[in-house]
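Just below is one structure, and these are the notes that go with it.
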Amino acid sequence: MQLECVLFGPFRDTVGEKTIHHETTAETVGDLLREFEDEYPGLSGELVDEDAKALAGDTVVTMDKKNVTHIDGLATELREGAVIRLVPSVYGG
């Protein structure tokens, strides 16, 4: 499945791009975030907590502008063409 992922602050710095078009076999947001942590070592521990049961810190992840914590958290099912936004715990404008 193809996703558009928009990264902010230090996440963008780590990946080196603001927006990436990511091909994945991940089925849930949690799977996708763990995939990112594996693919980009600088993100390790920054997206998913050490128990892999919740988002790390106050990280905000949205899918199509809706916070995934208001859907099914890390179990939120991904869908083709979704826009995923990753915002670090402390990021202001």
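Would you tally the net charge around Val6, using a Cβ to Cβ cut-off of less than 9 Å, leaving Val6 out, and scoring K and R as +1, D and E as -1?
Here the charged neighbours net out to +2.
Quick one: Debye curve from the C-alpha atoms of region 54-93, no solvent, what's log10 I(q)/I(0) at q = 0.19, 0.25, 0.35 Å⁻¹?
-0.53, -0.86, -1.30
For the chain, take the convex hull of the Cα atoms, compute a quarter of its surface area, and give me that in nm², please.
Answer in nm², one decimal: 5.3.
Over region 2-87, what is the mean sequence separation of C-alpha contacts under 8 Å (at least six apart), divided by residue count, expressed as relative contact order in percent?
With pairs under 8 Å counted, the relative contact order is 38 percent.
Write down the percent of antiparallel bridges among all DSSP beta bridges whose residues are both part of region 2-87, to the nearest 5.
Of those bridges, close to 75 percent are antiparallel.
Hey, any idea what % of region 2-87's accessible area is carbon plus sulfur with a 1.4 Å probe?
The computed percentage sits at 44.
The values are calculated or read from the model by the stated rules, or taken from the named source; none is laboratory data. Fair warning: this is a prediction, and the values are worked out from it, not measured in the lab. For neighbour counting, all protein chains shown are included, and Cβ atoms are generated from backbone atoms with ideal geometry for every residue, glycine included. Note: accessible area is taken over every heavy atom of the protein model, side chains too, but ligands, DNA and RNA are not part of it. Shrake-Rupley method; radii C 1.70, N 1.55, O 1.52, S 1.80 Å.
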